[in-house]
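Structure, as structure tokens:
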Amino acid sequence: MSEGRTPRRRRRPWLAVRQPIGPRAAAMLTAMSFIGPLALWCLVSYVPFIWHPDVRLDIAALRDDSTTIYTAGDHLSRAYFAEFVQAIRAENQKIVDTRKAGGTEEASSSGRRANLKKLRQLASVGLANGWLDEKTKEDDAAIYQLWEGLATGRLTSTNVAITNENMGVIRDNWSHLGAAGPAYSFAKLPAEPLLKLVPQGQVSNPDYLPPPHRVILTGFADWVNDPGNDKATMGQRLVQSVYIVFGGFLISCLIGIPLGILCGTYSLISRIFEPFIDFFRYMPAPAFSTLLVAILLAHNAPKIALVFIGTFFHMVLMIAKTTRMLDYSLIEAAQTLGADNRRLLTRVVIPGILPDLYNDLRILLGWAWTWLVIAELIGVKSGLTEFIETQGRWRNFDRVFPVIIMIGLLGFFTDQLLMALRRILFPWEYAMEGRAKTWFGRIVEAMRTPPIPPPRLKAKLEAQARAMRKGAADVGFD
């Protein structure tokens with residue numbers, strides 16, 4: 001190598017066996033682990049030729065020869081949607097032909113009810129544009145005013161692009177509705193059939209895979225809106241679910257931690273408890289749901305008990321194994337110094353396993369979250385799971401996804417917080433092992449560490465310090 005040339009820094013391989021990668025690469029890969037699935041979700045949702053086998057309705061669809069009424073938000077296959085549109089057009093043409101032939105119908109409540117259903121097709125347009133809300137979306141008088149506003153041009157739909165064909169239907173119907181006056185009255189509705197709005201929609205994925213933007217908007221709306229009818233808000237549901245998870249987990253800790261430590265320390269206690277616990281952990285916890293409801297009634301108690309059953313038996317065995325992995329030379333050294341059984345347990349075993357015990361509990365808390373959905377379904381359904389189950393039954397998956405993501409984020413950030421606290425609680429472990437910090441831990445440490453001055457300020461401060469030292473040396477204080 002020629003003199004004066006600095007050797008090129010050797011790049012650290014990414015696929016080295018059990019070797020850490022650089023902090024930049026680690027940060028980039030961590031970001032990609034989240035960005036990758038999100039990008040795939042966006043690709044499938046927003047690029048039409050990737051998939052999009054359905055049409056999501058923006059305007060409700062009614063058909064005479066069908067007992068099913070499709071409302072806005074429902075999904076139809078693209079082939080059936082085209083068939084449906086042609087059937088509605090044929091029905092409208094039949095009404096127009098009957099009018100031209102001079103046919104009329106006698107006034108009847110059944111004819112008015114049929115026309116009222118046709119008027120309600122505009123409710124989804126009113127909701128999308130903010131003209132209606134959850135309280136007024138079934139107000140026939142308010143919907144009647146929407147027909148007047150759109151027909152006369154007083155209102156313009158911006159969030160739902162109404163086709164020219166449907167604008168023609170709106171004006172035609174209002175020419176018959178307006179004759180009864182500007183105010184709504186069921187008795188004044190015409191008996192002769194009105195035209196139907198032709199179904200409109202956008203190509204989309206099936207309803208079980210809504211696009212990300214709709215998941216975000218719907219989730220935000222569910223969080224801030226009051227559901228009314230004495231129903232629990234999303235915040236109240238979240239508090240109840242957290243109460244169930246942490247209630248069951250804390251009871252598991254109160255019993256499981258001491259028992260696991262004793263089983264790992266004393267062979268006598270291990271032989272008494274571990275065989276049965278090892279057998280019982282293979283029994284599925286949901287199988288006890290009926291029994292738990294019979295014993296503890298149908299509210300929160302059986303749900304907490306199910307989380308307890310789902311975590312307790314694994315906790316005892318895991319902590320017992322962690323206790324046995326303690327370096328036995330520490331126990332021998334304490335015995336040499338005269339420690340009795342009580343001091344060995346309290347001064348050697350428990351302090352020695354604390355870092356690994358903390359890590360075991362962090363993992364077990366994740367298991368507790370996995371039992372939440374099953375626990376909240378037993379007895380009286382409650383919490384976030386009741387919302388997921390109800391909305392999923394009606395196939396409102398744009399309302400289901402935000403709750404699932406919220407549960408995942410809550411568990412993830414709880415885990416990251418516990419990992420950051422581990423560095424604070426057990427700093428000697430990281431000093432000895434040189435473990436890499438988590439991103440959450442780096443944030444916490446940055447808050448505790450004084451800021452590093454910029455290079456120019458740092459150089460200026462160093463120059464001032466040198467000048468002060470030189471002045472002190474000149475006057476004999478060096």
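Brief remarks on what is shown
- Of all segments of the chain bounded by trypsin sites (Lys or Arg not before Pro) found in a DSSP loop with no more than 12 other C-beta atoms within 10 Å, the longest spans 232-478.
- Annotation note: GluC sites (Glu not before Pro) in segment 110-206 located in DSSP loop regions with a Cβ neighbour count of at most 15 within 10 Å are E134, E138.
- For M28, M234, the ranking by accessible surface with the largest value first comes to M28, M234, using a 1.4 Å probe.
- Descending semi-axes in whole angstrom, ellipsoid equivalent of the chain, from the Cα gyration tensor: 65, 36, 21
- Which listed pairs, of K117/K231; K137/K196; K94/K188, have C-alpha distances above 22 Å, in listed order: K117/K231; K94/K188
- Nearest-10 value in Å² for the accessible area of V380, using the 1.4 Å probe: 70
- Taking only the Cα atoms of segment 248-358, the radius of gyration and Dmax are 16.8, 56 Å.
- Using C-alpha pairs below 8 Å separated by at least 6 residues, the relative contact order for the chain is 14 percent.
- Across segment 55-103, the relative contact order, built from alpha-carbon pairs under 8 Å that are at least six residues apart, equals 33 percent.
- 3J(HN,Hα) along segment 174-182: 5, 5, 8, 6, x, 5, 7, x, x Hz, from the Karplus curve 6.51 cos²θ - 1.76 cosθ + 1.60 with θ = phi - 60°, whole Hz, x for Gly and Pro.
- The chymotrypsin sites (Phe, Trp or Tyr not before Pro) of segment 299-401 that meet both conditions, a loop assignment by DSSP and at most 14 other Cβ atoms within 10 Å of the site Cβ, are W394.
- Principal axes of segment 151-271: Cα extent on each, largest first, Å: 92, 34, 25
- Interchain or long-range residues, amide H under 5 Å from W51's placed H: none
- Amide H contacts of I59 (H built 1.01 Å from N, under 5 Å, at least 5 apart or other chain): Q200
- Dipole check for the chain: with +1 at the C-beta of Lys and Arg, -1 at the C-beta of Asp and Glu, and the Cα centre as origin, the magnitude is about 2100 Debye.
- Whole-number D in µm²/s for segment 158-199 (Stokes-Einstein; Kirkwood sum over Cα pairs; 37 °C, 0.692 mPa s): 286
- Rel. contact order, % - alpha carbon contacts under 8 angstrom, at least six apart, segment 310-409: 25
The values are calculated or read from the model by the stated rules, or taken from the named source; none is laboratory data. These figures come from a predicted structure and were not determined experimentally. Note that we place each Cβ from the backbone using ideal geometry, even for glycine, and neighbour counts take in every protein chain shown. For the accessible areas, the whole protein counts, side chains as well, though only heavy atoms, and no ligand, DNA or RNA atoms are used. Shrake-Rupley method; radii C 1.70, N 1.55, O 1.52, S 1.80 Å.
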